[in-house]
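Here's the structure, in structure tokens; my notes come after.
The values are calculated or read from the model by the stated rules, or taken from the named source; none is laboratory data. Quick caveat, the model's predicted, so the values are computed rather than measured. In this analysis, Cβ positions are derived from the backbone assuming ideal geometry, glycine residues included, and neighbour counts consider all displayed protein chains. These accessible areas exclude ligands, DNA and RNA; they are computed on the full protein's heavy atoms, side chains included. Shrake-Rupley method; radii C 1.70, N 1.55, O 1.52, S 1.80 Å.
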Amino acid sequence: MGEVKLHGSWASPFSNRVVWALELKGIPYEFVQEDLTKKSPLLLHYNPVYKKIPVLVHGGKPICESSIILEYIDETWPQKPLLPIDPLDRAAARFWIKFIEDKEATMRRIFVARGEGKEEARRESLEVLRTVEERGLGGGGKFFGGDAINMVDLTYGWIAVWMKVLEEVLDMKLIEGPEFPRLQAWAESFRTAAVIRDHIPDHQKMVLHLRRRREELLPPPN
């Protein structure tokens, strides 16, 4: 099938969702750590349009953008499908994937906001999480797709893993407390699933990394 390499960053949720997919499928691969402050010529060669990670290289051919990579992996290695077989269930899965992709920019605002802007970003993020809690996790299983992790779980995985890091960095609570019982149960099931728990970046290392990154990105105080 050709050699598989993943160009990414240990701290990137977009890279990690591809790692999780490869691990779930049992696909051998090499992880190529990229320095995002000095992007390698190889990364720029493989992704000359966006110049971003992750990039999956399969048999020398690059595939870019994490959601596209996940679909490529699922179609190329059909064992342990990441999307439902039923067309209606598959459409529902794609709907929830698109929902959180459309809302990621809204939720990222909280990371680089100050004062009133930070509180407004928090309110907007909570509204997104309420929608997922009330509409996206009503199927009764441990995961979005029932009792097995699927592509929706991988796409939302950053909420299960990185949200706890963000809460510590920002000194605020988002999904803790009685308001989000389904999200909390899902996040715990996701983090502790065998393949996932063995491929999660160290929490304290992520806290230090995101604190430094936030200081770099924060606008100067008024």
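Could you list all residues from region 21-51 that are assigned to a loop (DSSP other than H, G, I, E, B), open to solvent by 40 Å² or more (accessible area, probe 1.4 Å) and under 19 Å from Gly2 (Cβ atoms)?
Within region 21-51, Gly26, Pro28, Tyr29 qualify.
Taking into account only those residues within region 171-191 that are assigned to a loop (DSSP other than H, G, I, E, B) and at negative phi, which is surrounded by the fewest Cβ atoms within 10 Å (Cβ to Cβ)?
Residue satisfying both the conditions and the ranking: Pro178.
All but one of (1) at pLDDT 95 or above; (2) more than 29 Å from Glu167 (Cα to Cα) hold for Gln79; state the number of the condition that does not hold.
Checking Gln79 against (1) at pLDDT 95 or above; (2) more than 29 Å from Glu167 (Cα to Cα), the one that fails is (1).
Can you find a residue in region 145-160 that is in contact (Cβ under 8 Å) with a residue 24 or more places away in the chain, assigned to a helix (DSSP H, G or I), open to solvent by 20 Å² or more (accessible area, probe 1.4 Å) and not basic (Lys, Arg)?
Yes: one or more hits.
Can you say whether Val55 is under 20 Å from Ile159 (Cβ atoms), β-branched (Val, Ile, Thr) and touching a Gly at 6+ places or on another chain (Cβ under 8 Å), as far as the supplied structure shows?
no
How many of the residues in region 8-20 are closer than 12 Å to Leu56 by Cα, more than 9 Å from the chain's Cα centre (by Cα) and assigned to a helix (DSSP H, G or I)?
Qualifying residue count, region 8-20: 1.
Restricting to region 116-130, and then to whatever is touching a residue at least 24 places away in the same chain (Cβ under 8 Å) and closer than 23 Å to Glu215 by Cα, can you tell me which residue is least open to solvent (accessible area, probe 1.4 Å)?
Among them, the one singled out is Ser125.
Within region 192-218, take every residue that is open to solvent by less than 50 Å² (accessible area, probe 1.4 Å) and not in a loop (DSSP other than H, G, I, E, B) and give me the one that is farthest from Leu170 (Cα to Cα).
Val195
Pairs please, first residue from region 69-94 and in contact (Cβ under 8 Å) with a residue 12 or more places away in the chain, second anywhere and open to solvent by 50 Å² or more (accessible area, probe 1.4 Å) and assigned to a helix (DSSP H, G or I), Cβ atoms under 7 Å, 6+ apart in sequence or on different chains.
Hits for this filter: Leu83/Arg90; Pro84/Arg90.
Return the total of residues in region 52-76 being open to solvent by 60 Å² or more (accessible area, probe 1.4 Å) and under 17 Å from Pro13 (Cα atoms).
Qualifying residue count, region 52-76: 3.
What is the number of the single condition among (1) open to solvent by 50 Å² or more (accessible area, probe 1.4 Å); (2) closer than 30 Å to Glu168 by Cα; (3) of a type in the set (S, T, N, Q) that Gln79 does not meet?
For Gln79, the exception is condition (2).
Identify the residue in region 82-102 that is open to solvent by 50 Å² or more (accessible area, probe 1.4 Å) and assigned to a loop (DSSP other than H, G, I, E, B) and, among all such residues, is farthest from Glu3 (Cα to Cα).
The extreme case among them is Asp86.
Please go through region 186-201 and pick out each residue that is of a type in the set (A, V, I, L, M, F, W, C) and at pLDDT 95 or above.
Those that are of a type in the set (A, V, I, L, M, F, W, C) and at pLDDT 95 or above: Trp186, Ala187, Phe190, Ala193, Ile196, Ile200.
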